[in-house]
Amino acid sequence: MKPEEKIIDYKSILDNIYSSISQEENKGAIATYIPELAKIESANFGVCLLTRKNEEFGVGNWQVKFSIQSISKVLSLSLAYQIFGDKIWERVDVEPSGTPFNSLVQLESDHGIPRNPFMNSGAMVICDMLVSYYKNPKEDFLSAIRELCHSSEINYSETVAKSEASVGYRNKALCNFIKSFGNIENEPEEVLDFYFHICSIEMSCQELSRVFMFLANPNFTTTKGTKVLSLSQTKRVNAIMQTCGFYDESGEFSFRVGLPGKSGVGGGIVAIYPEKYCITAWSPKLNEKGNSYRGMKFLEEFTTKTEQSIF
């Protein structure tokens, strides 16, 4: 006989942690190197929890849209995995990098094979695959995300995409460098345009929690009634989030929070407890590693107080 599942008052825990952190100093700095992100109000702070039982709890600015940035890399990876299967691992590895998200260092020794799909270089290779597959990459990708989220309200931010392109010299260097090894098949300009657009997608904490339920709920289906990934594929995507979702702070997040997750420099963090819930936090001020200061703190306290992590 299974032991009775502990009943947790999620709403009370969310409210208490939120209130406590809101009264503390809001440390860190906004990602000003992307001009459009520098305009975001730094006091924004929201959290949304969605359980497999479809219980939804939100606090703060949980319904305000923001630029999800690198969180979108999980979505592009998942769609590519759905389309190409294990062939994607021939072009991108699954190892933690131990280097910043925009590092060129390892590409030379690794012959243009990015260490994992969440580094900028790895995400560009995934984007290249999708550009080759989709007839209209930006339109088709957005349609797929809307099907995942069960919402037609998801859109790119053209101003953010243009802002990123205007200062994205290092990303342009990465894409061209990988192209020199033959691991980018399309023209770098087209791949970069697609990459900048998927990073510019805007969602709220509520929408992100809903769209990422396919990694938490094995029974999840899109608006067309189809599964996104197999159980084995879902396990693997969650595993890469666990080991690589926070770049060179992935070990710290795993140590403190104990959940698979993914961050973005827009200040968002998504975390998954497989078969239980998806929780999303947003606060634009980032720590020195480029992850949301308040978001990291909130999720650490949440898994501590609920005594729920995968470990």
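No value in this document is a laboratory result; all are computed from the given coordinates. Note that the structure is predicted; figures quoted are calculated from it, not measured. Cβ sites come from the backbone with ideal geometry, for glycine too, and all protein chains shown count toward neighbours.
Overall, segment 140-256 carries a charge dipole of about 500 debye about its Cα centre when +1 sits on the Cβ of Lys and Arg and -1 on the Cβ of Asp and Glu, all other atoms neutral. Only helices enter the 222 nm calculation for the chain: every DSSP H run of n ≥ 4 contributes -39,500 (n - 2.57), and dividing by all residues gives -13000 deg cm²/dmol, rounded to 500. Among SER292, SER78, SER132, sorting on how many other beta-carbon atoms sit within 10 Å of each Cβ, with the fewest leading, yields SER132, SER78, SER292.
Length available on full extension from SER230 to TYR33: 0.36 nm per residue minus the Cα-Cα distance, which gives 67.1 nm.
Among PHE212, PHE57, PHE255, the largest mean-square fluctuation in a Gaussian network model of the chain (Cα springs under 10 Å) belongs to PHE255. Converting phi to 3J(HN,Hα) with the Karplus coefficients 6.51, -1.76 and 1.60 and the offset θ = phi - 60°, segment 294-311 yields 5, x, 4, 5, 4, 5, 4, 5, 5, 6, 6, 6, 7, 6, 10, 8, 7, 9 Hz in sequence order, with x at every glycine or proline. In a DSSP loop and with at most 11 other Cβ atoms within 10 Å, the trypsin sites (Lys or Arg not before Pro) in segment 31-123 are LYS53.
The residue list LEU79, SER121, HIS197 was ranked by how far each Cα lies along the charge dipole of the chain toward its positive end, using unit charges on Cβ atoms, and LEU79 comes out on top.
Extension gain, SER42 to LYS6: 0.36 nm times the residue separation minus the Cα-Cα distance gives 9.3 nm. Shape class for segment 99-192, computed from the alpha carbon gyration tensor (a ≥ b ≥ c): prolate, with a/c not under 1.5 and a/b above b/c.
Residues whose amide H lies under 5 Å from that of PHE66, counting only those 5 or more places away or on a different chain, are MET203, SER204; hydrogens are built 1.01 Å from N in the peptide plane. Each residue of segment 140-152 is assigned a 3J(HN,Hα), and the resulting list reads 5, 5, 4, 4, 5, 5, 5, 5, 5, 7, 6, 8, 9 Hz, derived from the Karplus form 6.51 cos²θ - 1.76 cosθ + 1.60 (θ = phi - 60°), x at Gly and Pro. Taking 4.7 Å between C-beta atoms as the pairing limit, the chain has these partnerless cysteines: CYS127, CYS149, CYS175, CYS199, CYS244, CYS278. In plain terms, the residue of TYR195, TYR18 with the fewest other Cβ atoms within 10 Å comes first and the most crowded comes last, giving TYR18, TYR195. Here the Kirkwood formula, the inverse mean of 1/r across different C-alpha pairs, assigns segment 17-305 a hydrodynamic radius of 18.7 Å. Consider a paramagnetic label point 7 Å from the Cα of ARG170 along Cα→Cβ; state which residues of segment 126-149 have an amide N under 20 Å from it. From segment 126-149, the list is 126-127. Computed from Cα atoms, the angle from the helix 169-180 axis to the main principal axis of the chain rounds to 60 degrees. Which of the trypsin sites (Lys or Arg not before Pro) found in segment 181-231 are loop residues per DSSP with 10 or fewer other Cβ atoms within 10 Å of their Cβ? Hits after loop and neighbour filter: LYS224. Loop-resident GluC sites (Glu not before Pro) (DSSP state other than H, G, I, E or B) in segment 241-311 with no more than 14 further Cβ atoms inside 10 Å of their Cβ: GLU275, GLU288, GLU307. Computed about its Cα centre, the charge dipole of segment 59-148 is approximately 360 debye, with only Lys, Arg, Asp and Glu carrying charge at their Cβ. Ranking PRO188, LEU50, VAL237 by how far each Cα lies toward the positive end of the dipole of segment 17-305 (charges on Cβ) leaves LEU50 at the top. In this Cβ point-charge picture (+1 for Lys and Arg, -1 for Asp and Glu), the chain has a dipole of about 440 debye about its Cα centre. Relative contact order for the chain: 28 percent, from Cα pairs under 8 Å spaced at least 6 residues apart, divided by residue count.
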